[in-house]
Amino acid sequence: MIYVNGDSHSAGAEIVNDFVFAQDDPCFLTYGRKAHPEAVLQTYGYIIAQAVGQSFFCDAESGSSNDRIIRTTKDFIKNARKKRNIHIIIGWSTWEREEWKLTDTEYVQVTSSGTDSVPESMEEEYKEWVLKQTLKELYRKTALWHDKIYDFHMELRDMKIKHTFFNTYMYFDEMCVPKEKQKDWHHQFINPYDQDYTFFYYLKNKGFETVNKNSFHYGINGHQEYTKVVLENFLAQNKYNKSPNYLRTNFPMLDEKPKVDKILNF
């Protein structure tokens, strides 16, 4: 099974009519903040699942913090019957985001934008928190998340669960994570110390345009292109044959628009 978690880049935000959350579409109001079901079918994760003939589950949510990504991934693993049959793919969110607990079962995702919708009881706390999100604080959080994600990586290795990590926008800058503190990720994190391999900048450098000039999200063509980056890591871990023309010959669907024929993430 292919399990995907992350933020808007993994959820396929704005692929369908500029919808970020499923609830933005009147047809899916009850789905709340989940990824739009039609957009999911055009994301890199679903394309990979199609390519390798595996089932697929998307836990990604726009605006997600890394706290949420780790929490929900652990919940999924806990409830999975055949844990070693899962290949986890995570596109990590930006380092400043946090998850605040509202009740035993409800959580709030906050970003430094200052525009997040939070419960009235949290409004003042949120305003004060935004003011504290300085560049110095971002540097601190970059180093913090570097170590927290590495710990999670080692947990997955201990459980013998295959996984592919990549950064979506921010990366582990050498200013925050100097070379002597960089880790061996056992080829399960795609160039974590290189901005050029983040989802956003990899596609930008290749000339892809976002869905509109004010957006940070790419459309289906961008997802198809980045699929090749993630799929190469997946194939290496799963010992698929990798001749120079392997992807083009064996996975022609990478150049095709996935058919919106079934919803596998709900």
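Some observations on this one:
- ³J(HN,Hα), Karplus 6.51/-1.76/1.60, whole Hz, each residue of the stretch 58-64, x for Gly, Pro: 10, 10, 5, 9, 4, x, 5
- For the chain: rounded, prolate or oblate by the Cα gyration tensor [a/c cutoff 1.5]: rounded
- Vicinal HN-Hα couplings computed from phi for the stretch 136-153 (Karplus, 6.51 cos²θ - 1.76 cosθ + 1.60; Hz; Gly/Pro x): 4, 5, 5, 4, 4, 6, 4, 5, 4, 6, 4, 6, 5, 5, 5, 4, 5, 4
- Rounded to the nearest 20, the size of the Cβ-charge dipole of the stretch 13-128 about its Cα centre is 1120 debye, with Lys and Arg at +1 and Asp and Glu at -1.
- Lys34 long-range amide H proximity, modeled H, under 5 Å: Ala22, Gln23
- Fewest-first sequence of Met122, Met159, Met175 by Cβ atoms within 10 Å of each Cβ: Met175, Met159, Met122
- Helical runs (DSSP H, four residues minimum) scored at -39500 (n - 2.57) apiece and divided by the length of the chain put the mean residue ellipticity at 222 nm at -10500 deg cm²/dmol.
- Pairs with C-alpha atoms separated by more than 18 Å, drawn from the list Lys148/Lys228; Lys34/Lys160; Lys183/Lys204; Lys74/Lys162; Lys83/Lys183, are Lys148/Lys228; Lys34/Lys160; Lys183/Lys204; Lys83/Lys183.
- Residue order, fewest to most surrounding Cβ atoms within 10 angstrom, among Met170, Met154: Met154, Met170
- Set against the 2.2 N^0.38 Å expectation for a compact globular protein, the stretch 9-65 has a Cα radius of gyration ratio of 1.09.
- Low-density loop cleavage sites - trypsin sites (Lys or Arg not before Pro) in the stretch 1-88, where at most 13 other Cβ are within 10 Å (DSSP): Arg81, Lys82
- The relative contact order of the chain, computed from alpha carbon pairs under 8 Å that lie at least 6 residues apart in sequence, is 22 percent.
- Cut-off 10 Å between beta-carbons: net charge of the residues surrounding Arg97, Lys and Arg +1, Asp and Glu -1: -4
- For the stretch 102-110, Karplus couplings with θ = phi - 60° (6.51, -1.76, 1.60), whole Hz, Gly/Pro x: 9, 9, 5, 10, 10, 10, 10, 9, 10
- Nonlocal amide H pairs with Ala60, under 5 Å, H built at 1.01 Å: Gly6
Throughout, read-outs are computed from the coordinates displayed, never taken from laboratory work. It should be emphasised that the depicted structure is a prediction, and the values quoted were computed from it without experimental measurement. Don't worry about glycine lacking a Cβ; one is built from the backbone with ideal geometry, like all the others, and counts go over all protein chains shown.
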